[in-house]
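A short write-up of the structure that comes next.
The values are calculated or read from the model by the stated rules, or taken from the named source; none is laboratory data. Nothing here was measured: the structure is a model prediction, and the numbers come from that model. Because the Cβ atoms are built from the backbone with ideal geometry, glycine has one as well, and the counts that use them run over all protein chains shown.
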């Protein structure tokens, strides 16, 4: 009996390791910016280019930065969830319009609805690179001190909203 | 008649980029970095829009005088260790680097001990003189020896 125990044990360990691996997403690149200050920038707004926006403008508030584009199909998927979040008024939601054309972006918002307090126009994607954006949509939660506390890669689902985002916002607002 | 052929223009072919030396350095750095969209390609090989943007960033920074280390630091700061095409050798990646060799050594060691034990088991039986004679008889095909 004992001589079968060792190979069986090794096999069981291997099965557990592989089973856990199957639940992970190998394409996800965790962000090294969690816990670091949100990189500063100053960019024109989408609807009013004469007005600019910088993260420092929102110091003292917990806020969400959502990277989106009119050419991004998955952004349409998460749009209803973002709209719900914006309508709940628990947190200001700002959009970073990434590598888009101004007209296309404005048309997209008009067609599907605009959940954002304002959208920021990042035409060449430089700010996106500073924030480690590699796949749109991506969503950041930034706290009152301007530190990035959470990054969601991919569309925000209702589950993620309920289980991760809303509790974190509540926690950050308490602090 | 032959002079009706296509007009010829003799001149030096223009290089594809303005500064080939700079481009070589950009490609060298880009070959050490991973494209985050096509994650099995280097930044030098990939045609993803993000890869083009990042190569432009590398080129600009090099023009401004940044060193290779500066640029790699810039990328790792924003995208983490995964952006390095060759995983760094640190505590977190120790298992990745050492794992295969360690497994192979463990496997070879297990095989060695298995074989050594079998050799010992096989060598164990010591036959007495009578048993040896009986064995010889059996091997010689003497059917009577079995009954004896």
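Taking residues in segment A:19-35 that are away from every other protein chain (no Cβ under 14 Å), and partners anywhere that are at pLDDT 90 or above, not one pair has Cβ atoms closer than 8 Å while being at least 6 places apart or on different chains.
Can you confirm whether segment B:113-124 contains a residue that is part of a loop (DSSP other than H, G, I, E, B) and modelled with pLDDT under 90?
Initial filter on segment B:113-124 (part of a loop (DSSP other than H, G, I, E, B)): B:124.
From what is left, the residues that are modelled with pLDDT under 90 are B:124.
Within segment B:113-124, one or more residues are part of a loop (DSSP other than H, G, I, E, B) and modelled with pLDDT under 90.
Might you let me know whether segment A:135-150 holds any residue that is in a helix (DSSP H, G or I), more than 14 Å from chain B (Cβ to nearest Cβ) and either on the phi > 0 side of the Ramachandran plot or touching a residue at least 40 places away in the same chain (Cβ under 8 Å) (or both)? Even if it seems obvious, please write down each step before you answer.
If we filter segment A:135-150 for residues that are in a helix (DSSP H, G or I), which is where we start, we get none.
No - not one qualifying residue is present in segment A:135-150.
Go through the residues of segment A:50-66 one by one and say whether even a single one is within 13 Å of chain B (Cβ to nearest Cβ), modelled with pLDDT of 95 or more and under 30 Å from residue B:82 (Cβ atoms). No, the conditions are met nowhere in segment A:50-66. If you filter segment B:19-42 down to residues that are under 22 Å from residue B:70 (Cβ atoms) and part of a loop (DSSP other than H, G, I, E, B), you find that the one that is modelled with the lowest pLDDT is B:19. Of all residues in segment A:63-88, those being surrounded by fewer than 21 Cβ atoms within 10 Å (Cβ to Cβ) and not in a helix (DSSP H, G or I) number 3. Only a single criterion out of (1) within 14 Å of another protein chain (Cβ to nearest Cβ); (2) touching a helix residue (DSSP H, G or I) at 6+ places or on another chain (Cβ under 8 Å) is not satisfied by residue A:90, namely (1).
Could you pull out the residue among A:116, A:94 that is free of Cβ contacts under 8 Å to residues at least 60 places away in the same chain, closer than 28 Å to residue B:52 by Cβ and not in a loop (DSSP other than H, G, I, E, B)?
Working: A:116 fails: not in a loop (DSSP other than H, G, I, E, B).
Residue meeting the stated conditions: A:94.
Candidates in segment B:81-110 are the residues that are assigned to a helix (DSSP H, G or I) and touching a strand residue (DSSP E or B) at 6+ places or on another chain (Cβ under 8 Å); of these, the one that is farthest from the other protein chains (Cβ to nearest Cβ) is B:83. If only residues of segment B:21-80 that are over 23 Å from residue A:31 (Cβ atoms) and within 14 Å of chain A (Cβ to nearest Cβ) are counted, the one that is surrounded by the fewest Cβ atoms within 10 Å (Cβ to Cβ) is B:60.
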